[in-house]
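Remarks on the structure that follows.
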Amino acid sequence: MKKIVIVLVACFLSTQVRAQFFDRLKNKVQQKVNDAVDKTIDNATTGKKKKEEAGAGTSVNGNAASTVSTTVQNTAQEDVKAYSKFDFVPGEKIIVEENFASDAIGEFPAKWNTKTNAEVVTLSNRPGKWLAMKQDGVFYPEYIHNLPDNFTLQVDVLVNNDISQIGTLTVALIAAKTDYEKFTSGENGGLPVPGIKLDIRPQSGEYSGSMDYISKALGSASVNELKNIFHAPDKSFATISVWRQKQRIRVYINSTKLLDLPRAIESDAVLNSLVFGAYSPDFEKKGGAFYLSNIRLAVGAPDTRNKLITQGKFVTHGILFDFNSAQIKPESNGALMDIANVLKEDAKIHVKIVGHTDSDGDAQVNLDLSKKRAEAVKAILASDFGIDAARMVTDGKGKIQPIDNNTTAVGKANNRRVEFIKL
């Protein structure tokens, strides 16, 4: 019966994935021999893992904790220099900031929809809350109703060590008229509506990983090999970045640009939905999962040079920092490069770099942190981008100069910013 089920599942996969699937089956006999030899070691490892999982839960606001696998591995802090070719620059104004902060642990997010199940969890090695997708399903925020012609999307993704070799994460940006069209677009298969759909399969075991895309305008194609880009256990964390400029779509995973399609979206398409899907995250192994958090949509292409030169000030939300830290995240490279290029064009320009925070936490701590972050930006512009340190001074304002409200996740995200003021 098990063999029949495996064959039936394989029949629904794409030609490329199906070929890889059967290649693995051909080697199964040899693998079984190896498995028998390693059985004692595997049992010991499993026992240790279960023991770790039993103590991994966290209680938040009195809610029962959800046990989370601790097999999601820590990754070393990547140096910004590793992102030297990463030219992604986030949009100017944040319109969506989803970190599940207001959702209860163990529950499905209140403002999302699905026909299956997922739950908000905490992880032992990453801050914040995450949406754990452990089974097949489609999941989408119901509060997104319009995606403008120019926007950027960033999504943090984690996979655990038990992710299936055919486990697929879908990210779709579409024009959907009904919930049915959203669910259909997020499922494993085609794309029935205008827009673009990304199917991402992390490297796992012998499978090297891949990313397929489907577009009503272009059809479908595959980007082979996510090897050394996104895989468990060593690179189990990834930031997926999508940049839309009218018909053009660029897609990045971490520092690697995988797609740059000038005509990916139909010229008359009005995108209005962001949809995620999970397909077979735990196939064969039973225990695999995708985790999503820090979903950020921003609109408007930054006009760095014009605003700094003619208006005297440029504000960016693209320079990101670790939680409660002045450590600059490597995916900030595009925004840093953007301002560095403006400063290189005119060596006479001097700027004040000013850090700002939201209102969460102690006022003095926020003030100190904002100053340290401004100093960190100055330091990296000097050391990595060759800007004369004498042309830059720094300051921090903490929470005292908000540009948005501090009562919503979006407002707080807009208040966390770095300003460059022409002197």
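The values are calculated or read from the model by the stated rules, or taken from the named source; none is laboratory data. A quick note: this is a predicted structure, and the numbers were derived from the prediction, not measured. Note that we place each Cβ from the backbone using ideal geometry, even for glycine, and neighbour counts take in every protein chain shown.
Numerical summary
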| read-out | value |
| --- | --- |
| Residue that is surrounded by the most Cβ atoms within 10 Å (Cβ to Cβ), among those in region 138-168 that are over 21 Å from TYR213 (Cβ atoms) and in contact with a Gly (Cβ under 7 Å, 6 or more places away or on another chain) | ASN160 |
| Of all residues making up region 358-367, the number that are part of a loop (DSSP other than H, G, I, E, B) and buried (at least 20 other Cβ atoms within 10 Å of the Cβ) | 1 |
| Yes/no for LYS197 being assigned by TED's automatic domain parsing to the domain that holds PHE230 and part of a strand (DSSP E or B) | yes |
| Test: residue in region 151-168 that is assigned to a loop (DSSP other than H, G, I, E, B) and under 25 Å from GLY318 (Cβ atoms) | no |
| Output for region 376-401, where each listed residue is buried (at least 16 other Cβ atoms within 10 Å of the Cβ) and either of a type in the set (Asp, Glu) or on the phi > 0 side of the Ramachandran plot (or both) | ASP384, GLY398 |
| Hits in region 280-326 - residues which are polar (S, T, N, Q) and touching a strand residue (DSSP E or B) at 6+ places or on another chain (Cβ under 6 Å) | SER293, ASN294, THR304, THR316 |
| Number of positions in region 100-135 that are part of a loop (DSSP other than H, G, I, E, B), out of contact with any Leu (no Cβ under 9 Å at 6 or more places or on another chain) and crowded, with 19+ Cβ neighbours inside 10 Å | 2 |
| Any chance GLY355 is among the small types (Gly, Ala, Ser) and either within 24 Å of GLY300 (Cβ to Cβ) or assigned to a helix (DSSP H, G or I) (or both) | yes |
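Okay, residues lined up against (1) assigned by TED's automatic domain parsing to the domain that holds VAL89; (2) on the phi > 0 side of the Ramachandran plot; (3) surrounded by 23 or more Cβ atoms within 10 Å (Cβ to Cβ); (4) under 13 Å from the mean Cα position of the chain (by Cα):
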{"position": "PHE230", "(1), (2), (3), (4)": "yes, no, yes, yes"}
{"position": "LEU261", "(1), (2), (3), (4)": "yes, no, no, no"}
{"position": "SER273", "(1), (2), (3), (4)": "yes, no, yes, no"}
{"position": "PHE283", "(1), (2), (3), (4)": "yes, no, no, no"}
{"position": "GLY287", "(1), (2), (3), (4)": "yes, yes, no, no"}
{"position": "TYR291", "(1), (2), (3), (4)": "yes, no, yes, yes"}
{"position": "GLY312", "(1), (2), (3), (4)": "no, yes, no, no"}
{"position": "VAL315", "(1), (2), (3), (4)": "no, no, no, no"}
{"position": "ASN324", "(1), (2), (3), (4)": "no, yes, no, no"}
